[in-house]
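Input: a single structure, listed below in structure tokens.
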Amino acid sequence: MLEYAEPVARLIDELKRLPGIGHKSAQRIAFHILQADTEKVENLVNAIKEVKEKIIFCSLCNNITDIDPCRYCTSPTRDQKLICVVEEPHNLVTVEKTREYHGLYHVLHGALSPIRGIGPEELKIKNLLERMRSAEVEEIILATNPTTEGEATANYLSRLLKPLGVKVTRIAMGLPVGSDLEYADEVTMHKALTNRHEI
């Protein structure tokens, strides 16, 4: 069996921990790093460190940011009466790519999943309710993924929010069931937002 020097083996093992990176991909990345200029490797290391040191969650919407509140929450051009609820920060980026949505966001950081032990307490729902009480929100758009967990989360939030007198809508199912928002193209995401419906 082929054995690598300890630092290379350790790098491969660490790279394999990343999502979507198997053993062969980890090897390719490790050897790319070995062949790269020291300056490029230092830039990569510094970028990783900077993300860990400077990125925080927005205290209002839970999006990843380097300032608090984030740029979306403090923008004077965004519609303060409209909040789009998404599961993860990368879902927000997918919605923004459409250039059709101009409201605020709320990131849950997950979806309800009893099998994985994720209940309402593990999601960022509490500060959504606080936002509802302190702002004049007229509509909540539930843009959770069209999966079993996403649907369960949307239904739970709908039952929680409707008694507060706010319009609750769900993005249209122009997105394939069982996929994630991050894989949707701009046109599909635009159609889903345009054809959302009340639930």
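So the values come out like this:
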read-out	value
Given (1) touching a residue at least 24 places away in the same chain (Cβ under 8 Å); (2) under 25 Å from GLU186 (Cβ atoms); (3) buried (at least 18 other Cβ atoms within 10 Å of the Cβ), index of the condition LEU123 fails	(2)
Boolean, LEU123 is touching a Leu at 6+ places or on another chain (Cβ under 8 Å), in the same structural domain as VAL95 (by TED's automatic domain parsing) and either closer than 12 Å to VAL86 by Cα or of a type in the set (S, T, N, Q) (or both)	yes
Count - residues of the stretch 126-142 that are without any contact (Cβ under 8 Å) to a residue 60 or more places away in the chain and out of contact with any Ser or Thr (no Cβ under 9 Å at 6 or more places or on another chain)	11
Matching option when the condition is surrounded by 15 or more Cβ atoms within 10 Å (Cβ to Cβ), assigned by TED's automatic domain parsing to the domain that holds PRO89 and within 20 Å of GLN80 (Cβ to Cβ), among ILE118, ILE141	ILE141
Yes/no for LEU18 being within 30 Å of HIS106 (Cα to Cα), free of Cβ contacts under 8 Å to residues at least 60 places away in the same chain and either in a loop (DSSP other than H, G, I, E, B) or hydroxyl-bearing (Ser, Thr, Tyr) (or both)	yes
Residues that are in a helix (DSSP H, G or I) and in contact (Cβ under 8 Å) with a residue 60 or more places away in the chain, drawn from the stretch 76-92	HIS90, ASN91
When residues of the stretch 138-166 are limited to those that are among the hydrophobic types (A, V, I, L, M, F, W, C) and not in a helix (DSSP H, G or I), the one nearest to the chain's Cα centre (by Cα)	ALA143
Answer from HIS106, HIS102 - the residue that is of a type outside the set (A, V, I, L, M, F, W, C), touching a residue at least 12 places away in the same chain (Cβ under 8 Å), touching a Cys at 6+ places or on another chain (Cβ under 8 Å) and under 21 Å from PHE57 (Cα atoms)	HIS106
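The values are calculated or read from the model by the stated rules, or taken from the named source; none is laboratory data. Only a predicted model underlies this, so the values are computations on that prediction, with no experimental measurement involved. Backbone-built Cβ (ideal geometry, glycine too); neighbour counts: all protein chains shown.
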